[in-house]
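Here is the structure we will look at.
The values are calculated or read from the model by the stated rules, or taken from the named source; none is laboratory data. These numbers come from a predicted model, not from an experiment. Note that each Cβ is placed from the backbone with ideal geometry, even for glycine, and that neighbours are counted across all protein chains shown.
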Amino acid sequence: MDYPPVSPDARNLEEAFFAQENQRLLEKLKEKQDREAKRAALREVMPNADDEFVDHMHALNIGPEMILAITMVPLVAVAWADGNIADKEREAILKAAAERGVAPGSSAGQVLGTWLGQKPGDALLGAWKRYVQALRANLSADENDRVRAAALGLAQGVAEAAGGFLGLAKISAAEKAVLEEVEQALT
C-alpha cells in the first residue's frame, strides 16, 4: 500500500536532493576526465615513464609544458655552448621534441624554434637549474636518477651530434662544461 507523502514538499525535496547529487557526480566525473587528460598529456611528453612516475608528476602539479622545459632547456644550452647550433644538433633537438609530441606549429614548437633561432640568455639555464634543484627535493632517489639519466642522455646526444671540432673530439670543451652544469643541477 502506498502511503501519502508526509508533506506536499516531499517530492520537491527528493528532486532537489537528486539534482544536487547528480551535480556532484557530474563534477566528480569531469574531474576524473580532466585528471586522465592531464595524465595522458604527461605520458605523451614522457614516453618511457611508468604510471607511478606520471602520477607523481601529476600530484606535484607538474604539467607537460614544464616537463618539456625540463627536458629541452639542457639540449638547447648544450647546442648553443659553442656559440652556434650545428645542423645535426638542431636535428637531434627536433627529433627529441617530436618524440615528446612537440609539433612544429604548436606553442611549444614555436618556443623551441625561437630558442633554436636565437640563443636564449643565461637566465634561462639559471632558472632551469633552480627549478630542477627545487624539484629534486620532491622526488625519490630513483625518480631523481631517472630524470638525471634522461636529461643527460638527451643532452649528451645533442653534444655528440655535431661531431666536435674537425671530427677529432666528440664533445667540445664548451659543450662539456654545459653538460657538467646540467649534471650538477641534477645531482
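Brief remarks on what is shown
- Residue selection: Leu94 satisfies the criterion of being without any contact (Cβ under 8 Å) to a residue 24 or more places away in the chain, assigned to a helix (DSSP H, G or I) and over 24 Å from Glu36 (Cβ atoms).
- Screening the candidates Ile70, Ile62 for the property of being part of a helix (DSSP H, G or I), modelled with pLDDT under 90, surrounded by 14 or more Cβ atoms within 10 Å (Cβ to Cβ) and under 14 Å from the mean Cα position of the chain (by Cα) yields one hit, Ile70.
- Gln133, sole failed condition from (1) touching a residue at least 40 places away in the same chain (Cβ under 8 Å); (2) surrounded by 15 or more Cβ atoms within 10 Å (Cβ to Cβ); (3) in a helix (DSSP H, G or I); (4) not β-branched (Val, Ile, Thr): (2)
- Across segment 97-117, the number of residues qualifying as under 16 Å from the mean Cα position of the chain (by Cα) and either acidic (Asp, Glu) or not in a helix (DSSP H, G or I) (or both) comes to 6.
- Going through (1) in a helix (DSSP H, G or I); (2) free of Cβ contacts under 8 Å to residues at least 60 places away in the same chain; (3) surrounded by 12 or more Cβ atoms within 10 Å (Cβ to Cβ) one by one, Ala155 falls short only on (2).
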